[in-house]
1. Return the pairs, sorted by first residue and then second, in which the second residue is of a type in the set (Lys, Arg), the first residue lies in region 99-128 and is over 30 Å from TRP9 (Cα atoms), the beta carbons are less than 8 Å apart, and the residues are 6+ apart or on different chains.
2. What about THR103, is it open to solvent by less than 60 Å² (accessible area, probe 1.4 Å) and in a strand (DSSP E or B)?
3. Which pairs do you get when a residue that is at pLDDT 75 or above, found in region 65-78, comes within reach of a residue that is acidic (Asp, Glu), reach meaning Cβ atoms under 8 angstrom, with the pair 6+ apart or on two chains?
4. Collect the residues in region 108-160 that are surrounded by fewer than 12 Cβ atoms within 10 Å (Cβ to Cβ), within 21 Å of ALA98 (Cα to Cα), away from the ligand (no atom under 12 Å from the Cβ) and hydrophobic (A, V, I, L, M, F, W, C), keeping them in residue-number order.
5. Determine, yes or no, whether ARG38 is open to solvent by 50 Å² or more (accessible area, probe 1.4 Å) and more than 15 Å from the ligand (Cβ to nearest atom).
6. In this structure, is VAL93 more than 10 Å from the ligand (Cβ to nearest atom), in a strand (DSSP E or B) and closer than 22 Å to ALA147 by Cα?
7. GLY88: more than 20 Å from VAL43 (Cα to Cα) and open to solvent by less than 70 Å² (accessible area, probe 1.4 Å), yes or no?
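The values are calculated or read from the model by the stated rules, or taken from the named source; none is laboratory data. All values derive from a computational prediction rather than experimental measurement. Neighbour counts are summed over all protein chains in view; Cβ atoms, including those assigned to glycine, are modelled from backbone coordinates with ideal geometry. Calculation scope for accessible area: heavy atoms of the full protein, side chains included, ligands and nucleic acids excluded. Shrake-Rupley method; radii C 1.70, N 1.55, O 1.52, S 1.80 Å.
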Amino acid sequence: MAEREELTWELFGSASRELAQQVADSGYEPDVILSIARGGLFVAGALGYALDVKNLHVMNVEFYTGVGERLELPVMLPPVPNAVDLTGAKVLVADDVADTGATLKLVRDFCADHVADVRCAVVYEKPWSEVKCEYVWRRTDRWINFAWSKQPPVIRREGQVLDA
Ligand code: 5GP
């Protein structure tokens, strides 16, 4: 078995479509899609089109600094979405993967006080995730190479950490 899971751009096309279908089939009609940058931006954009939701918000959360290397806790980076924009809304949180689930937990807890309902959609979920997402395309216990972060950036910046 391959050491890593590979999500190519082509596979992402069908994965995001199938994920959107799961949301639609469940009857959930989100008012807002909240993406977790940066990987969740791709997922949120694809879900936004497939579910015909134009109201997309972004939260910046930093946790991983390399393959399997992470900070002690995920941290929210500014700008933090205005809670007023989310008040009373049915929110769909979109991310690439729930690994420990700590990032999604932070975002879900942030939403919980304001919103009418919050559910999570991810392309991958790992078995040990502390958040069990309502919508999951695939489950894996391997490290995933995503199409958007597999290659190094085309520029080099001071203090840059590369995803492998
Ligand atoms: P968590 O908070 O669930 O541990 O991880 C959240 C973030 O860590 C993900 O959105 C993703 O950016 C990064 N991450 C976690 N596991 C993987 C993985 O297997 N592959 C890649 N490329 N990133 C990961």
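1. As it stands, the answer is VAL115/LYS90; ALA116/LYS90; ASP117/LYS90, since those pairs meet every condition given.
2. So THR103 fails the test.
3. Cβ pairs passing all conditions: LEU71/GLU62; PRO74/GLU62; VAL75/GLU62; LEU77/GLU62.
4. If the condition is that a residue be surrounded by fewer than 12 Cβ atoms within 10 Å (Cβ to Cβ), within 21 Å of ALA98 (Cα to Cα), away from the ligand (no atom under 12 Å from the Cβ) and hydrophobic (A, V, I, L, M, F, W, C), then ALA112 is the only one that fits.
5. Judged against the criteria, ARG38 is not a match.
6. Yes; evaluated as a whole, the condition is true for this residue.
7. Against the criterion (more than 20 Å from VAL43 (Cα to Cα) and open to solvent by less than 70 Å² (accessible area, probe 1.4 Å)), GLY88 qualifies.
Conditions (1) touching a helix residue (DSSP H, G or I) at 6+ places or on another chain (Cβ under 9 Å); (2) of a type in the set (Phe, Trp, Tyr); (3) farther than 26 Å from ALA20 by Cβ, marked per residue:
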{"position": "VAL53", "(1), (2), (3)": "yes, no, no"}
{"position": "THR65", "(1), (2), (3)": "no, no, yes"}
{"position": "LEU73", "(1), (2), (3)": "yes, no, yes"}
{"position": "MET76", "(1), (2), (3)": "yes, no, yes"}
{"position": "THR87", "(1), (2), (3)": "no, no, no"}
{"position": "VAL91", "(1), (2), (3)": "yes, no, no"}
{"position": "VAL97", "(1), (2), (3)": "yes, no, no"}
{"position": "LYS105", "(1), (2), (3)": "no, no, no"}
